[in-house]
1. Restricting to DSSP loop positions (anything but H, G, I, E, B) with no more than 16 other Cβ atoms inside 10 Å of their own Cβ, which GluC sites (Glu not before Pro) remain in the stretch 449-491?
2. When the helices in the chain are scored as -39500 (n - 2.57) per DSSP H run of 4 or longer and the sum is shared across all residues, what 222 nm value do you end up with, to the nearest 500 deg cm²/dmol?
3. Please rank THR90, THR431, fewest neighbouring Cβ atoms within 10 Å first, as an exposure proxy.
4. Sum up the charges of everything whose Cβ sits under 10 Å from the Cβ of VAL440, counting Lys and Arg as +1 and Asp and Glu as -1, but leave VAL440 out.
5. Residues with beta-carbon under 13 Å from that of SER542, excluding SER542: net charge, scoring Lys, Arg +1 and Asp, Glu -1?
6. Excluding residues fewer than 8 places away in the same chain, name every one of the aspartates and glutamates whose C-alpha is closer than 20 Å to that of LYS16.
7. What share of the DSSP beta bridges in the stretch 434-563 is antiparallel, in percent to the nearest 5?
8. Out of VAL460, LEU396, GLN479, whose Cα points farthest toward the positive end of the dipole of the chain (charges: +1 Lys, Arg; -1 Asp, Glu; placed on Cβ)?
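Here, each number is a calculation from the coordinates, and none is a lab measurement. In this text the structure is predicted, and so the values were computed from the model without any measurement. Glycine gets a Cβ as well: all are built from the backbone with ideal geometry, and neighbour counts include every protein chain shown.
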Amino acid sequence: MSRLIPAWLQHYPKEKLGADVAAGLIVTILVIPQSLAYALLAGLPPQLGLYVSILPVIAYALLGSSMVQAVGPVAITAIMTYSVLSPLATPTTPGYIMLAAALSLLSGLMLLACGLLRLGFLSQLLSRPVISGFISGSAVLIVVSQLKYLLGIAPQGESSGDVLLDLLTRLGESHLPTLAIGLTALVLLLVVRSALAGWLVRAGLSAGRAAFVVRLMPLLIVLAGLGAVVAFDLDRLNGVDVVGGVVAGLPEFNFFLPGLDTVQQLLRPAFVMALIGMVQGITMAQALAIKRRERIDANAELVGLGAANVVAAFSGGMPVGGGTSRSAINVAAGAQTPLASILSALAMVGVVLGAAQWFERLPLAVLAASIIVAALSMIDLRALRQAWAYDRADALALLCTAGGVLLFGLEAGIGLGIVLSMATLLLRVSTPHIAVVGRVPGTEHFRNVARYEVETLPGVLFVRIDERLFFGNLGAVEQRLEQELALIEAPHDLVLVMSGVNLMDTTAVEVFAELNQDLAARGIRLHLAEVKGPVQDRLMKSAFWNALTGEVFLSANAAYAKLAPAEVWCPEI
């Protein structure tokens, strides 16, 4: 029985109870507008955002490994849900809700299977630049999708580009009361995010309290927008669009199995959603764990995220994930253990039973402003600058992934990013770094002749290979060796420094055996130096090892000592 109870709960420290209770209540209050907004972003009835903030949150808290990561509706899964399902059904209809539930179920089962099969390492399939590009591109799509609510215009066109162009050409048709309340909320939220913390700290508030006030302000702005609509009857007298009916009461637990046609339609987008959720969830959990000097289990994270989505499918029908902003609120509120999330879920029960209707007159323009500000923070220009300065290939992968998302959609964008990542990897390993090296005078160290003043031996070529050797890069290696041999006069010894080689496949062994024979026919001996243990273990089982015309040296310096003429070698080194 004790195995069914998580370790943190079995040994729960009582001194943390107060902090967890306070954090749970604070998080519940602060994420209500966010939950409503992301449900609308996904094309779902607003109350579903509240529903999936209950049982899925508890499932993750009991099965995940992070102490403070908060699960719930998130922007990425919301925009992916809308992008995938809007061509298949009309948003907010029963058929659309059923498809959203099926998408949550399929992606959850995939995550759950990966966790149970201990495939957490798959979260490393996507490089950070590709993930950053995908999230940044998705953020732009989110911003475009919310402009219609901010402007009060019903746009025409199917693609985001068409919608944006239509909105830009029809700015003069904006609904002025909607635009006024939306822009006011947008400006206030931007000021809060960019400057309020600094102002509060300079005013004498501690950094922790200033951060908490910043987290609290979006809720106050949303409530102010709600108050303005109610006070001036803006929805009834001026036509300001509001959330509308929010169904009160607990969600029903509806067990279902999607049909074969539905599975076929949603299998690929569910895989993409699971992959993105896996990477984003584990990355966020790891970042939080590092700050708190804790450790997470990637496989347990997948089990927790998968179970949360499976439960969400049956009790709300909206996919969920590890939320960056939710987790930040959870940490800022002082959460110490997953009990804070469980208490937050229980408090949300009270909200859906008795307070959900309070938000029916919440203006969509204010929710759109809050979503836009959250989306703008997801556009990672810093990652682009760093990648451009460090590695242009990674920067291009980021840009192309973001561009692919904007031009071709979310699935095509992430597919393009994966292809570019693999292509970049293949390009790098197929063109290995190879350096001609010599001995630094007075030492036993060998360095690149192009970078250092070094000593070399007449007729002896020392070459260091800094890559694993496999069928894809052997042509480049052979070509470079021939070029370097042609540059020295009367070569008689070639020493391959293998310190950077951690693998040689069968093709590489055969090619080196042929190279050994070819060099022998030209009067050149082939030597190996600094061969790694696992590589040597395999080589010793090959015919190449016994046919080697030269020797195998423990170090490049040992080879230098053996091959140097007596008048060149200095024994004292």
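1. GLU453, GLU489
2. -19500 deg cm²/dmol
3. Listing THR90, THR431 from fewest to most nearby Cβ atoms yields THR90, THR431.
4. Numbers: positive: ARG439, ARG447; negative: GLU444, GLU453, GLU455.
The answer is -1.
5. Working: positive: ARG538, LYS541; negative: ASP505, GLU510, GLU514, ASP537.
Spelling it out: positives minus negatives among the neighbours equals -2.
6. Once the sequence-local aspartates and glutamates are set aside, what remains near LYS16 is GLU294.
7. Numbers: 7 of 20 bridges.
Around 35 percent of the beta bridges assigned by DSSP in the stretch 434-563 are antiparallel ones.
8. Of the listed residues, the answer is LEU396.
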